[in-house]
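The values are calculated or read from the model by the stated rules, or taken from the named source; none is laboratory data. What you see is a predicted model, and the numbers here were worked out from it, not measured in a lab. Glycine gets a Cβ as well: all are built from the backbone with ideal geometry, and neighbour counts include every protein chain shown.
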Protein chains: 2
Amino acid sequence: MANPDSDHDETATVDVVGVGNAIVDVITQCPDDFVESQGLTKNSMTLIDEDRAHELYGLMGAGIEASGGSAANTMAGVASFGGTSSYIGKVFDDELGEVFANDMRGVGVNFDMNRATTGPSTARCLILVTPDAQRTMSTYLGISSLLEPDDIEPATVESGQLLFCEGYLWDIDSAKAAIRKALTIAGAAGRRTALTLSDLFCVERHREEFRELVAGPVDILFANRQELRGLYEIDDLDAAIEAVRADVELACITVGKEGSVLVTPNERIEIEAEEIAPVVDTTGAGDQYAAGVLFGLAQGFDLAKCGYFGSLAAAEVISHVGPRPLQSLKDLAGL
Amino acid sequence: MANPDSDHDETATVDVVGVGNAIVDVITQCPDDFVESQGLTKNSMTLIDEDRAHELYGLMGAGIEASGGSAANTMAGVASFGGTSSYIGKVFDDELGEVFANDMRGVGVNFDMNRATTGPSTARCLILVTPDAQRTMSTYLGISSLLEPDDIEPATVESGQLLFCEGYLWDIDSAKAAIRKALTIAGAAGRRTALTLSDLFCVERHREEFRELVAGPVDILFANRQELRGLYEIDDLDAAIEAVRADVELACITVGKEGSVLVTPNERIEIEAEEIAPVVDTTGAGDQYAAGVLFGLAQGFDLAKCGYFGSLAAAEVISHVGPRPLQSLKDLAGL
């Protein structure tokens, strides 16, 4: 088992390669009772079909559109730290697909996927931000979930120090096969592999397979405390942390306002959250936390510093509307 | 000539009806040298074709998308004050067209136009915001400029206390004919009509026709000082104000940080700008100024109060990224 803060691999040309659902977010502010009236669970992600997407969109207030997608946000964050990143995700050759591709390029993420010309449209996520800054997401996956093993270019995966996969992809068989292929390629090339559990409902849908991935090809796990408890079906957080410690070389567990805990088989580091007031929109907090940690790992920083970068990036993104950093994380980190 | 702050017309059911280019904005922050390198004139609007739109978009950094369009922003502002408004503008049946229509409905503006299924796509405006908060706009007009007389529904125009038209529409003959039709209908129904000169380049392209409109069917003019000087080809602002005074019953001249001047044939009221720090993005400042004044006029407030509403709305919109108010202008105005 490699030391997670070991020196980086000189044969890799990029810090992190991310794989995920390529999504354009539609963000609107709304009162709590709108979330309830739509039968949605606050602070979670619900999958919806295209008809429901149009219906819910029609009921929402005015919004703004911004590129999102969990792993894509994370790759944008790595780039904002001054790191290098590539992204694998599927968009259609439509207006939102152009938006997504342009935004990735615009922040300096390598994104070379061809835009699909057959199949469903580019994915969108309708995000309702309530006055408490929590976000509730309804996602129409469109073409993004049709990621296939053929979309995984071995050279792209091998180019990264680290591979980062999002659990959200785990709903369609072909996308699962694509993730497994990416994990296999990365492992064979001696790259470290990371997974985020993404969402409690996602964990509940795929608990057994996630357990196999974590015990098997995944080296680094990102989760919040609810997702970690859900994964192991253990109510006590410390007991769940002991369980994950046996499975991965590094687990990064976010614990909301209290910050995060990084655990390896022989270390446990508690990182405080960065103070931020007011918290405007928590969308992207977990994604940016992962960006900071992954950037730090790829650049060979110690774990405490990696955790600090994660807290810093999360604090930036919750200070404004939108899922990606607006300020340079490199500047904020004094790098 | 009617008194511009006379009581409102009881037969009208809506405060203001706006006619303009229906546009989705793409907003990105960039350094000054990018604006220069693209041959753009800071703080102005340039018309671009679709190829150039894709090219410039590809060169821009990551951005956010939000519904825009000058008169559409103004109608959104009127609704934010708690006023009622309707909008006439043309979008295509594509993703951005859905965004535009949804955002209008979402803020409570009546928008009943059918989305076109033939012709070019929905218009977009690429907005570069420089560190000084100034915006430089490049607009691909798409379907928006194909507004025709048939798109002007007499009942919609007659329903408004006030008709508000944007000068930006004045580039295509069919759109000019549509505006003339709207002005004629409004005049015949005894409604007051307003025009914004929109942009200095726009004034230079259409000076003679704008002069005819202002001397003829237009009752209320909105302009900034450069546009007003350009309209009359008079360098001295006070002399230009004297000129416009002879042409319209009310002219509302914005003078940047110094606020605005409202003039009628026998009054001149100077309104201070609302203090705001930091100024983040000046996009939409003129549109929201017009929203405040038009709302005030339609509701029968005196001219000083109308000007104050304009300053208040402009101050709100320049305090954040995006062309429309994020806070309730009704609440801000204490209404």
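Determine, yes or no, whether B:Glu65 is of a type in the set (D, E, K, R), more than 30 Å from B:Ala298 (Cα to Cα), within 12 Å of chain A (Cβ to nearest Cβ) and surrounded by 22 or more Cβ atoms within 10 Å (Cβ to Cβ).
Values: of a type in the set (D, E, K, R): yes; more than 30 Å from B:Ala298 (Cα to Cα): yes; within 12 Å of chain A (Cβ to nearest Cβ): yes; surrounded by 22 or more Cβ atoms within 10 Å (Cβ to Cβ): yes.
Criteria met by B:Glu65.
Please enumerate the residues belonging to region A:105-153 that are among the charged types (D, E, K, R) and either assigned to a helix (DSSP H, G or I) or closer than 16 Å to A:Gly68 by Cβ (or both).
A:Arg105, A:Arg124, A:Arg135, A:Asp150, A:Asp151
Residues in region A:184-218 that are part of a loop (DSSP other than H, G, I, E, B) and surrounded by fewer than 19 Cβ atoms within 10 Å (Cβ to Cβ): how many?
We begin by selecting, within region A:184-218, every residue part of a loop (DSSP other than H, G, I, E, B); these are A:189-191, A:197-199, A:206, A:216-218.
After this cut, where a residue has to be surrounded by fewer than 19 Cβ atoms within 10 Å (Cβ to Cβ) as well, the list is A:189-190, A:216-217.
Number satisfying all stated conditions: 4.
Residue check, B:Gln134 against (1) surrounded by fewer than 20 Cβ atoms within 10 Å (Cβ to Cβ); (2) in contact with a Phe, Trp or Tyr (Cβ under 9 Å, 6 or more places away or on another chain); (3) more than 14 Å from chain A (Cβ to nearest Cβ); (4) farther than 21 Å from B:Leu169 by Cβ, all met but one. Which one?
B:Gln134 satisfies all of (1) surrounded by fewer than 20 Cβ atoms within 10 Å (Cβ to Cβ); (2) in contact with a Phe, Trp or Tyr (Cβ under 9 Å, 6 or more places away or on another chain); (3) more than 14 Å from chain A (Cβ to nearest Cβ); (4) farther than 21 Å from B:Leu169 by Cβ except (2).
Condition check: without any contact (Cβ under 8 Å) to a residue 12 or more places away in the chain and either more than 14 Å from chain A (Cβ to nearest Cβ) or in a strand (DSSP E or B) (or both). Does B:Thr74 satisfy that?
So B:Thr74 does not fit the description; no.
Which residue out of A:Ile48, A:Ile88 is touching a residue at least 60 places away in the same chain (Cβ under 8 Å), β-branched (Val, Ile, Thr) and over 16 Å from A:Leu163 (Cα atoms)? Walk me through how you get there before you give the answer.
On the way: A:Ile88 fails: over 16 Å from A:Leu163 (Cα atoms).
Sole residue among the options that is touching a residue at least 60 places away in the same chain (Cβ under 8 Å), β-branched (Val, Ile, Thr) and over 16 Å from A:Leu163 (Cα atoms): A:Ile48.
Identify, by number, the condition in (1) charged (D, E, K, R); (2) touching a strand residue (DSSP E or B) at 6+ places or on another chain (Cβ under 9 Å); (3) closer than 23 Å to B:Val26 by Cβ that A:Glu98 doesn't meet.
With (1) charged (D, E, K, R); (2) touching a strand residue (DSSP E or B) at 6+ places or on another chain (Cβ under 9 Å); (3) closer than 23 Å to B:Val26 by Cβ applied to A:Glu98, the lone miss is (2).
Within region A:276-298, identify whether any single residue is at pLDDT 95 or above, farther than 24 Å from A:Ser86 by Cα and either surrounded by fewer than 24 Cβ atoms within 10 Å (Cβ to Cβ) or of a type in the set (Lys, Arg) (or both), and answer yes or no.
no
Return a yes/no flag: does region A:254-261 have any residue that is modelled with pLDDT of 95 or more and of a type outside the set (Gly, Ala, Ser). Please lay out each step first, then the result.
Filtering region A:254-261 down to residues modelled with pLDDT of 95 or more leaves A:254, A:260-261.
If we keep only those that are of a type outside the set (Gly, Ala, Ser) too, we end up with A:254, A:261.
Within region A:254-261, one or more residues are modelled with pLDDT of 95 or more and of a type outside the set (Gly, Ala, Ser).
Restricting to region B:68-96, name every residue that is over 17 Å from B:Ala291 (Cα atoms) and surrounded by fewer than 24 Cβ atoms within 10 Å (Cβ to Cβ).
Answer for region B:68-96, where residues must be over 17 Å from B:Ala291 (Cα atoms) and surrounded by fewer than 24 Cβ atoms within 10 Å (Cβ to Cβ): B:Phe92, B:Asp93, B:Asp94, B:Glu95.
When you look at B:Glu227, is it surrounded by 15 or more Cβ atoms within 10 Å (Cβ to Cβ) and either acidic (Asp, Glu) or within 22 Å of B:Phe164 (Cα to Cα) (or both), yes or no?
Details: surrounded by 15 or more Cβ atoms within 10 Å (Cβ to Cβ): yes; either acidic (Asp, Glu) or within 22 Å of B:Phe164 (Cα to Cα) (or both): yes.
Against the criterion (surrounded by 15 or more Cβ atoms within 10 Å (Cβ to Cβ) and either acidic (Asp, Glu) or within 22 Å of B:Phe164 (Cα to Cα) (or both)), B:Glu227 qualifies.
Give the residues of region A:165-183 that are in contact with a helix residue (DSSP H, G or I) (Cβ under 7 Å, 6 or more places away or on another chain) and in a helix (DSSP H, G or I), sorted by residue number.
A:Gly167, A:Tyr168, A:Leu169, A:Ser174, A:Ala175, A:Ala177, A:Ala178, A:Ile179, A:Lys181, A:Ala182
Do the conditions hold for B:Asp247, that is, is it under 27 Å from B:Gly334 (Cα atoms), in contact with a helix residue (DSSP H, G or I) (Cβ under 7 Å, 6 or more places away or on another chain) and charged (D, E, K, R)?
Considered against the rule, which asks whether it is under 27 Å from B:Gly334 (Cα atoms), in contact with a helix residue (DSSP H, G or I) (Cβ under 7 Å, 6 or more places away or on another chain) and charged (D, E, K, R), B:Asp247 comes out as no.
Checking B:Phe164 against (1) away from every other protein chain (no Cβ under 13 Å); (2) surrounded by 24 or more Cβ atoms within 10 Å (Cβ to Cβ); (3) more than 30 Å from B:Ile276 (Cβ to Cβ): exactly one of these is not met. Which one?
(3)
Specify which of the listed residues (B:Ala188, B:Ala223, B:Ala155, B:Ala215) is in contact with a Leu (Cβ under 9 Å, 6 or more places away or on another chain) and not hydroxyl-bearing (Ser, Thr, Tyr).
Result: B:Ala223 is the single residue among B:Ala188, B:Ala223, B:Ala155, B:Ala215 that is in contact with a Leu (Cβ under 9 Å, 6 or more places away or on another chain) and not hydroxyl-bearing (Ser, Thr, Tyr).
Counting only residues that are crowded, with 22+ Cβ neighbours inside 10 Å and under 22 Å from A:Val16 (Cβ atoms), how many does region A:112-124 have?
Final tally of qualifying residues: 1.
I need the full set of residues from region A:13-63 which are small (Gly, Ala, Ser) and in contact with a strand residue (DSSP E or B) (Cβ under 6 Å, 6 or more places away or on another chain), in order please.
Correct list: A:Gly18, A:Gly20, A:Ala53, A:Gly61, A:Gly63.
Please report, ordered by residue number, the strands (runs of 3 or more DSSP E) entirely within region A:219-335 with at least 3 residues that are in contact (Cβ under 8 Å) with a residue 24 or more places away in the chain and among the hydrophobic types (A, V, I, L, M, F, W, C).
Ranges flagged: A:220-224, A:250-254.
Any idea which residue in region A:77-104 is farthest from the chain's Cα centre (by Cα), counting only those that are within 19 Å of B:Ile64 (Cβ to Cβ), assigned to a helix (DSSP H, G or I) and more than 7 Å from chain B (Cβ to nearest Cβ)?
Result: A:Glu98.
What's the number of the only condition in (1) of a type in the set (D, E, K, R); (2) farther than 22 Å from A:Ala12 by Cβ; (3) more than 7 Å from chain B (Cβ to nearest Cβ) that A:Asp112 fails to meet?
Every condition holds for A:Asp112 apart from (2).
With respect to A:Leu128, is the statement that it is within 13 Å of chain B (Cβ to nearest Cβ), touching a helix residue (DSSP H, G or I) at 6+ places or on another chain (Cβ under 6 Å) and not aromatic (Phe, Trp, Tyr) true? Spell out how you get there, then give the answer.
Working: within 13 Å of chain B (Cβ to nearest Cβ): yes; touching a helix residue (DSSP H, G or I) at 6+ places or on another chain (Cβ under 6 Å): yes; not aromatic (Phe, Trp, Tyr): yes.
Answer is yes for this residue.
Might you let me know whether region A:307-317 holds any residue that is acidic (Asp, Glu), crowded, with 21+ Cβ neighbours inside 10 Å and within 14 Å of chain B (Cβ to nearest Cβ)?
no
Restricted to region B:44-62, and to residues that are more than 15 Å from the chain's Cα centre (by Cα) and away from chain A (no Cβ under 14 Å), which residue is farthest from B:Gly300 (Cα to Cα)?
B:Arg52
What is the residue count in region B:18-43 for residues that are assigned to a helix (DSSP H, G or I) and within 14 Å of chain A (Cβ to nearest Cβ)? Before the answer, list the steps.
First, pick out the residues of region B:18-43 that are assigned to a helix (DSSP H, G or I): B:32-37.
This time we only want the ones that are within 14 Å of chain A (Cβ to nearest Cβ), so: B:34.
Residues in region B:18-43 being assigned to a helix (DSSP H, G or I) and within 14 Å of chain A (Cβ to nearest Cβ): 1 in total.
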